[in-house]
Ligand code: GLV
């Protein structure tokens, strides 16, 4: 019985080392080294080559290295019986919350703007009471961000696709209530999972429902955003700008218009990065649950895609 680590683009050796350290005796293969496919029952995965998992006849579980699982669920060749798990980790939540809080404060207080202007020209700034934050996606990360913002004095609401309640945060539910959230959000933060239903959700139609001058933050997936619509809505003056951490194509090509745009702030997918040392214990626990035929933690509903 073996574990396969497969993560082109993220150093698989770091994960293999953590797995071996934290579970001595565990047999770990690192893709693409030569290995017996029949032996593999559990995979730890990030952006695997499409179609590869159908060659593993005894595979039972694919564990995502991150919070998102779209890189797994978008592969149509993963047999139905295979379970997919995601990571829920305090570091991921705290890092995401700090990042979004930082971006919002930077915009309200014009910090980057003053830095780049290199001029002694104080600009009018917004106070916390002047803004309202809307969060699309009230899963683990969306809820953590909402709570952090609220603790810092922000008025925050969330939107979730399926009915959800929260003791302290107002949550709008379902397509019918999306507009209610949008019309009051001077900052819109996207933390939705990427599914066929949410792809391109950040488009002109949605942006038009935001108040004039709204600012968009995308820390979920590049495929949520219609890039052309964003540029159009910023250039028309309807949106005041955007901060983007995720893109359809990475690295973002040098010639991409986002780089040169004065109202678009770009970061290289660093909002919240999985720390292998912190999440390997839950992955090992799930491996053990699998071997003992016990229920797995953080299993994704394959039908829903999150
Ligand atoms: C990062 O994008 C993740 O899904 O963890």
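Filtered by the rule that a residue be in a helix (DSSP H, G or I), closer than 19 Å to residue 305 by Cα and away from the ligand (no atom under 11 Å from the Cβ), the range 68-111 gives a lone residue, 73.
If the condition is being more than 27 Å from the chain's Cα centre (by Cα), in a helix (DSSP H, G or I) and under 15 Å from residue 276 (Cα atoms), then the range 1-56 contributes 20, 21.
Among the conditions (1) surrounded by 12 or more Cβ atoms within 10 Å (Cβ to Cβ); (2) modelled with pLDDT of 95 or more; (3) out of contact with any strand residue (DSSP E or B) (no Cβ under 8 Å at 6 or more places or on another chain); (4) closer than 30 Å to residue 62 by Cα, the only one that residue 300 does not satisfy is (3). Within the range 57-67, the residues that satisfy the criterion of being buried (at least 20 other Cβ atoms within 10 Å of the Cβ), in a loop (DSSP other than H, G, I, E, B) and either modelled with pLDDT under 95 or touching a strand residue (DSSP E or B) at 6+ places or on another chain (Cβ under 8 Å) (or both) are 59, 65. Looking for something surrounded by 13 or more Cβ atoms within 10 Å (Cβ to Cβ), touching a strand residue (DSSP E or B) at 6+ places or on another chain (Cβ under 6 Å) and on the phi < 0 side of the Ramachandran plot - is there at least one such residue anywhere in the range 271-283? Yes; the residues of the range 271-283 include at least one that is surrounded by 13 or more Cβ atoms within 10 Å (Cβ to Cβ), touching a strand residue (DSSP E or B) at 6+ places or on another chain (Cβ under 6 Å) and on the phi < 0 side of the Ramachandran plot. For the range 204-214, filtered to residues that are surrounded by fewer than 16 Cβ atoms within 10 Å (Cβ to Cβ) and part of a loop (DSSP other than H, G, I, E, B), the residue that is farthest from the ligand (Cβ to nearest atom) is 212.
Residues are listed down the side, and each one gets a yes or a no for (1) closer than 19 Å to residue 99 by Cβ; (2) outside any strand (DSSP E or B); (3) touching a strand residue (DSSP E or B) at 6+ places or on another chain (Cβ under 8 Å):
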residue: 178; (1), (2), (3): no, yes, yes
residue: 193; (1), (2), (3): yes, yes, no
residue: 216; (1), (2), (3): yes, no, yes
residue: 228; (1), (2), (3): no, yes, no
residue: 246; (1), (2), (3): yes, yes, yes
residue: 249; (1), (2), (3): no, yes, no
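Assess whether residue 232 counts as being on the phi < 0 side of the Ramachandran plot, modelled with pLDDT of 95 or more and in a helix (DSSP H, G or I). The answer is yes for residue 232.
Results for (1) touching a residue at least 60 places away in the same chain (Cβ under 8 Å); (2) under 21 Å from residue 303 (Cβ atoms); (3) surrounded by fewer than 20 Cβ atoms within 10 Å (Cβ to Cβ), shown as yes or no for each residue.
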site: 14; (1), (2), (3): yes, no, yes
site: 20; (1), (2), (3): no, no, yes
site: 39; (1), (2), (3): no, no, yes
site: 45; (1), (2), (3): no, yes, no
site: 50; (1), (2), (3): no, yes, yes
site: 55; (1), (2), (3): no, no, yes
site: 86; (1), (2), (3): yes, yes, no
site: 90; (1), (2), (3): yes, no, yes
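Every residue in the range 252-306 that is more than 20 Å from the chain's Cα centre (by Cα), in contact (Cβ under 8 Å) with a residue 24 or more places away in the chain and within 17 Å of residue 3 (Cβ to Cβ), please. Answer for the range 252-306, where residues must be more than 20 Å from the chain's Cα centre (by Cα), in contact (Cβ under 8 Å) with a residue 24 or more places away in the chain and within 17 Å of residue 3 (Cβ to Cβ): 281, 284, 286, 287, 290, 291, 296.
The values are calculated or read from the model by the stated rules, or taken from the named source; none is laboratory data. The structure displayed is predicted, hence computed values, not measured ones. In this analysis, Cβ positions are derived from the backbone assuming ideal geometry, glycine residues included, and neighbour counts consider all displayed protein chains.
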